[in-house]
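Chemist: Dropping the structure in here first, questions after.
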Amino acid sequence: LEAFGSLYHKQALASGVIPQVTAIFGMCGGGLAVVPGLTDFTFMEAKDGKLFVNSPNALEGNEISKCNTASAEYQSKTAGLVDGIGAEAEILGQIRDLVCMLPANNEDEAYTECEDDLNRACADLANCAGDTGILLSQLSDNGIYFETKAAYGKDVVTAFIQLNGATVGAVANRSEIYGEDGTVKEKMDGTLSARGAKKAADFVNFCDAFCIPVLTITNVTGFKATKCSERTMAKNAAALTAAFANATVPKVNVVVGKAYGSAYVVMNSKSIGADMVFAWPNAEIGMMDAKSAAKIMYEGSDAAT
């Protein structure tokens, strides 16, 4: 216990000073599970990796065949602790890609030589307002793009890109996910979920600690309205608001679609401290969409009214 405590202490002291990465290739249980919780990024081997505080069979009413809470899939998709999963070689490759984009410490700069043409056109950018992961990869130098926690809170993209050689943290709303074959694999409803807000808040705090500028791509119609999301919606939306408001790094927001209500406010709006805010010509900014407003203001009335 003394050894565990000493390890936790050193990790906590190093937080925000050096980037911390954990890779799990086998058993990571009990007190050792606190280690990835304290680090900034965690990767997990999909087949043999096991991450848990209490093993699946020790949970009341559960056993591993019902719900394997120690699996890489559960820890990435449901718990939101794991950034990337895959075979051992894939994980090591992901870590190399990530580390190449991060500063060595909070006094260093994350910068490489830019070989891309800064004036190149992105002809299909307008078609990427739904899947902003594609949009960000098109904007980035040579298409360099590293998404964090891709399986968790999918309505929000958090990713590192490079602009003119500098690493930039990107936070973007997402309403659809395209597969490699160009077809829509998954659709969201265009709202901001509690999970998405938490993921974004943690990401912005990391960027602020390491002097990484933040770019926001906004396209949101409101907050997600489900019982599950409502449990922590106010708390997580407040955490995202505080993260943006407290961040002292350069903050730029681009509205590429709808920006409605308080969900827009918390997405790095001018009112909570964005340095520059831009909007595409088709952007809509307001309290809510016209149809929802009409239902509230003129309940039971016909379309003409």
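Chemist: Which of the residues spanning segment 244-294 are at positive phi and within 17 Å of the chain's Cα centre (by Cα)?
Modeler: Residue satisfying the conditions is 268 alone.
Residue-wise test of (1) under 14 Å from residue 192 (Cα atoms); (2) small (Gly, Ala, Ser).
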residue	(1), (2)
215	no, no
221	yes, no
233	yes, no
238	yes, yes
247	no, yes
261	yes, yes
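Chemist: Look at residue 180 and say whether it is under 12 Å from the mean Cα position of the chain (by Cα), closer than 21 Å to residue 76 by Cβ and without any contact (Cβ under 8 Å) to a residue 24 or more places away in the chain. Before you say what the answer is, go through the steps one by one.
Modeler: On the way: under 12 Å from the mean Cα position of the chain (by Cα): no; closer than 21 Å to residue 76 by Cβ: yes; without any contact (Cβ under 8 Å) to a residue 24 or more places away in the chain: yes.
Against the criterion (under 12 Å from the mean Cα position of the chain (by Cα), closer than 21 Å to residue 76 by Cβ and without any contact (Cβ under 8 Å) to a residue 24 or more places away in the chain), residue 180 does not qualify.
Chemist: May I ask you to list the residues in segment 196-227 that are under 24 Å from residue 289 (Cα atoms), assigned to a helix (DSSP H, G or I) and open to solvent by 10 Å² or more (accessible area, probe 1.4 Å)?
Modeler: Passing the criteria: only 227.
Chemist: Follow-up question, since we're still on this one. List the number of the failed condition for residue 38; all other conditions in (1) over 16 Å from residue 25 (Cα atoms); (2) open to solvent by 60 Å² or more (accessible area, probe 1.4 Å); (3) modelled with pLDDT of 95 or more; (4) aliphatic (A, V, I, L, M) hold.
Modeler: (2)
Chemist: Can I ask one more? Determine, yes or no, whether residue 116 is within 21 Å of the chain's Cα centre (by Cα), surrounded by 12 or more Cβ atoms within 10 Å (Cβ to Cβ), closer than 30 Å to residue 256 by Cβ and not small (Gly, Ala, Ser). Explain how you work it out, then say what you get.
Modeler: Values: within 21 Å of the chain's Cα centre (by Cα): no; surrounded by 12 or more Cβ atoms within 10 Å (Cβ to Cβ): yes; closer than 30 Å to residue 256 by Cβ: yes; not small (Gly, Ala, Ser): yes.
Considered against the rule, which asks whether it is within 21 Å of the chain's Cα centre (by Cα), surrounded by 12 or more Cβ atoms within 10 Å (Cβ to Cβ), closer than 30 Å to residue 256 by Cβ and not small (Gly, Ala, Ser), residue 116 comes out as no.
Chemist: Criterion first (among the basic types (Lys, Arg), at pLDDT below 95 and open to solvent by 60 Å² or more (accessible area, probe 1.4 Å)) does residue 295 satisfy it? Don't jump to the end; show me each part of the working.
Modeler: Values: among the basic types (Lys, Arg): yes; at pLDDT below 95: yes; open to solvent by 60 Å² or more (accessible area, probe 1.4 Å): yes.
Spelling it out, residue 295 is indeed among the basic types (Lys, Arg), at pLDDT below 95 and open to solvent by 60 Å² or more (accessible area, probe 1.4 Å).
Chemist: Which of (1) aromatic (Phe, Trp, Tyr); (2) surrounded by 22 or more Cβ atoms within 10 Å (Cβ to Cβ); (3) assigned to a strand (DSSP E or B) does residue 278 not meet, given it meets every other one?
Modeler: The failed condition is (2).
The values are calculated or read from the model by the stated rules, or taken from the named source; none is laboratory data. The structure presented is a predicted model; accordingly, all values stated were derived computationally and were not measured. Because the Cβ atoms are built from the backbone with ideal geometry, glycine has one as well, and the counts that use them run over all protein chains shown. SASA here: full protein model, heavy atoms, side chains in, ligands and nucleic acids out. Shrake-Rupley method; radii C 1.70, N 1.55, O 1.52, S 1.80 Å.
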